[in-house]
Amino acid sequence: MDALLILHMQDEIGLVKNGGGAVSFFRPLGPEAQAGLRSGIIKDSILYAVGAYSGMLYIFSLPQLSLHCCRSCIGRYPFKIELQQERLYIACADSDTVHMLSSCNGEPLSSYHTGGYLSAMAVSPKFCLLCTYNTRKLFLLSASHLYPELEMNIPLQPNCALYDQNKNLFYICGTAEDGIKGMLCILSGEGELLKICETGDVPVDMALYREQLLISCSGQDVIALHARGEGRTLGWLKGPLMPDRLAVCPQNGRLYVSSQLENIINVIDINGRRTLYTLKTEREPSALIMYSQKD
């Protein structure tokens, strides 16, 4: 059975079973924690999450959400965590760094300093792609050692990045210099810029479903639908006010969309292009993660 995990900057973790219904909330770090849970990823019933305020990596056992261990992320304000081949990659905005840690024990393995304010990261089996907001640069590092392979300017202010394993492509979303007009860059798995497309205003997050790339656009209260790998606009889904984080259940085609203004998550039928229902959540949902339960 699939479930949805909701991380909050206020350190609650919400759980929604796929049948819908109310959200169950947990505080596995205790009532006094000020971690600022910002990003997470799940593998083999283990949740790896980072605290933006605490600068810590937290490892939880699922489904109990019991804290297995916590380690320093080394950098300041970690905002994104990825997992590839038993290695964790943690992007830290305030220290302009990415850190590679062992997924087994959280031991640091390598790091890289970009010299610019990190705002996006995506990781493939071969490369770690980083984007800086203030300098508008892209860095392509080897995934094994974080050795720099490529550095280039990009024609947008990046907000998010995503790796498409099926097509071996990277997607980068951001805005033009006005900070509003949305742009999408499609790059090969080797970092070659293939295409630049327009998307909705102020893109924030991306997700994949079948042959579609979904982009939440907080400046227009919509989710833009693009052809996966091509960038061609396929249509729009109405979202909540200032749509934010996305998660997709591929089995039933449901899209979960959080809001930057309201404490809600809209559940949308992608194929039918309609909102099914709304979930009430806590303040500041920061990440939506699909979780395949085995029980």
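We did not get these values from a lab; they are worked out from the coordinates using the rules stated. For clarity, every value in this text was computed on a predicted model and none was experimentally measured. Neighbour counts are summed over all protein chains in view; Cβ atoms, including those assigned to glycine, are modelled from backbone coordinates with ideal geometry.
Spatial offset of the range 1-59 relative to the range 84-134 amounts to 20 Å, using the alpha carbon center of each. Restricting the range 7-89 to trypsin sites (Lys or Arg not before Pro) that sit in a DSSP loop and have at most 16 other Cβ atoms within 10 Å of their own Cβ leaves Arg76. Students often forget the sequence filter, so: which lysines lie under 20 Å Cα-Cα from Lys238 once same-chain residues fewer than 8 apart are removed? Excluding near neighbours in sequence, the set is Lys181, Lys280.
Cross-link partners for Lys167 among the lysines, with Cα-Cα distance under 19 Å and sequence neighbours closer than 8 places in the same chain left out: Lys126, Lys195.
Could you please state, rounded to a whole Å, how far the C-alpha centre of the range 137-199 is from the C-alpha centre of the range 205-219? Between the Cα centres of the range 137-199 and the range 205-219 lies a distance of 15 Å. Summarising the amide proton neighbourhood of Asp221: residues at separation of 5 or more, or on other chains, whose placed amide H is nearer than 5 Å comprise Met242.
In order along the range 102-114, the phi-based Karplus estimate (6.51 cos²θ - 1.76 cosθ + 1.60, θ = phi - 60°) of 3J(HN,Hα) comes to 6, 6, 6, 9, x, 5, x, 10, 6, 7, 8, 9, 8 Hz; Gly and Pro are listed as x.
Divide the volume of the convex hull of the Cα atoms of the range 162-283 by its number of residues and quote the answer in cubic angstrom per residue.
Hull volume normalised by residue count: 100 Å³.
Equivalent ellipsoid of the range 49-200: semi-axes from √(5λ) of the C-alpha gyration tensor, largest first, are 27, 16, 15 Å. Listed values for the range 225-230 are Karplus-derived 3J(HN,Hα) couplings in whole Hz (6.51 cos²θ - 1.76 cosθ + 1.60, θ = phi - 60°), namely 10, 10, 5, 5, x, 10, and x replaces Gly and Pro. All Cα-Cα separations within the range 232-277 were binned at 5 Å from zero, giving a P(r) of 5, 23, 30, 25, 13, 3, 0, each value a whole percent of the pairs. The H on the amide N of Thr281, modeled in the peptide plane, is under 5 Å from the matching H of Ile264, Ile265, each at least 5 residues off or on a different chain.
Over 14 Å apart: what share of the alpha carbon pairs of the range 66-109 falls there, rounded to a whole percent? Tail of P(r) above 14 Å: 45 percent of Cα pairs. Annotation for the range 138-226: GluC sites (Glu not before Pro) lying in DSSP loop with at most 13 further Cβ atoms inside 10 Å of their Cβ are Glu177, Glu190, Glu192, Glu211. Less than 5 angstrom separates the built amide H of Thr199 from those of Gly182, Met183, Leu184, all sequence-distant by 5 or more or on a different chain.
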